[in-house]
Amino acid sequence: MHPLAEKVLARDTRATARVCRLVDDRAGDHAAILKDLFPHTGRAWILGVTGNPGAGKSTLTDRLIGAFRKQDRRVAVVAVDPTSPFTGGAILGDRIRMQAHFGDPDVFIRSLATRGALGGLSRSAMDVARVLDAWGADVILVETVGVGQDELEITRMAHTTLVVAAPGMGDEVQAIKAGILECADVFAVNKADRDGADAAVRDLELMIALGGEVAQASGRGRGHSAAALHARAAGGAADPLGGPPEGPWTPAIVRTVATRNEGVAALLDGLEAHRAWLFGTEAGASRREERLREAMHVQLRDALTDAAVVALGPALEAAVRAVASRQIDPYTASERLVEAFRTGAAPPGAVVQGDVASPGDQA
């Protein structure tokens, strides 16, 4: 086992921070470390926190850290901030609101920059979360950047997705638009002491009700991807033994005022209820299986992309120049690049001229 992996498993904070840096930079032996740590992951509950900019995600995350610590749980936080498309820099300021926990040895806070990745997360967020899982976190809070209506990468990473909304941030139409609101497992209407909180809750209730009717009419269960989970009947009966209800999950809506720590206990109850459903019902098991399938698809896509860019090298650059000069269209060029990658034959001129060898020619 890699020495740094051993230190992470021994809960060495400095070594864990170093591994997070290697993973984020994709430097050194990061892949070997992740492989060594993976058998020791899978215990942590990954809780995604997302929502519009200014809704109070960081403050609410800080309150959730305090609530989990009162339960004697070890907490890790992955806070993602946007990278400037002009300078490449990032402020990494989300954790400023979590300063009360800096001195707690059972709280690990790690900031990441998006580095141009879309969807509200950075490319390395999942791997960093696995490192923190191996470190011994019971709960991993992943706070996304302020997102819009369709940045849904967090739903492919987190077990439970908390969407933070606030009154006065949009008209009623926002509550029925497809996208981020449909991915929520629990809603927190934060800043609920402001005017418009009742209307925000009402709009969310309407959206959930309409979503349930559409799902029932189409025969689809509520899912977090186009590849819907298993078709399930709307509603869901409670387990006669007192367990979580079977059938599809209906998102809870909780009012909070994070700055005054109001509603956090009720929010925690809603989150725990979803966790019980996720790990205690057949529908929840189907959801977890679909989540793992999508995560594997993303992992494979990234690995193939990296391998193709390295293998094609000059051929890719030649194709770019040929498309720019209108010698070839981008669709044909892409098809030839894919074929060149599959066959392992990628001389620059061959891709542009169409002289890529077929698998039969290779044989």
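Structure summary
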item: Percent of C-alpha pairs per 5 Å bin, segment 1-70, short to long; result: 3, 14, 18, 17, 16, 16, 12, 4, 0
item: Two-site FRET efficiency, residue 317 against residue 266, from Cβ-Cβ distance with R₀ of 45 Å, rounded to 0.05; result: 0.20
item: Semi-axes of the equivalent ellipsoid for segment 277-317, Cα gyration tensor, largest first, Å; result: 37, 5, 5
item: Simple spin-label estimate for residue 32 and residue 202 in nanometres, 7 Å along Cα-Cβ; result: 6.3
item: Rounded to whole Hz, the Karplus (6.51, -1.76, 1.60) HN-Hα couplings of segment 154-166, x for glycine and proline; result: 4, 5, 7, 9, 8, 5, 10, 10, 9, 9, 9, 10, 9
item: Alpha carbon convex hull of segment 254-354, volume per residue in cubic angstrom; result: 189
item: Burial order of peptide ranges 269-276, 74-81 (average beta-carbon count within 10 Å, highest first); result: 74-81, 269-276
item: Among 301-310, 130-139, the order from most to least packed when residues are scored by Cβ within 10 Å on average; result: 130-139, 301-310
item: Order by protection proxy (mean Cβ within 10 Å, highest first), peptides 322-334, 56-68, 187-199; result: 56-68, 187-199, 322-334
item: Pairwise label distance in nanometres, residue 210 with residue 14, each label 7 Å out on the Cα-Cβ vector; result: 5.6
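A short reminder: the numbers here are calculations on the coordinates, not readings from a lab. Remember, it's a predicted structure, so these values are computed and weren't measured experimentally. Quick reminder, even Gly has a Cβ in these numbers, built from the backbone with ideal geometry, and neighbours come from all protein chains shown.
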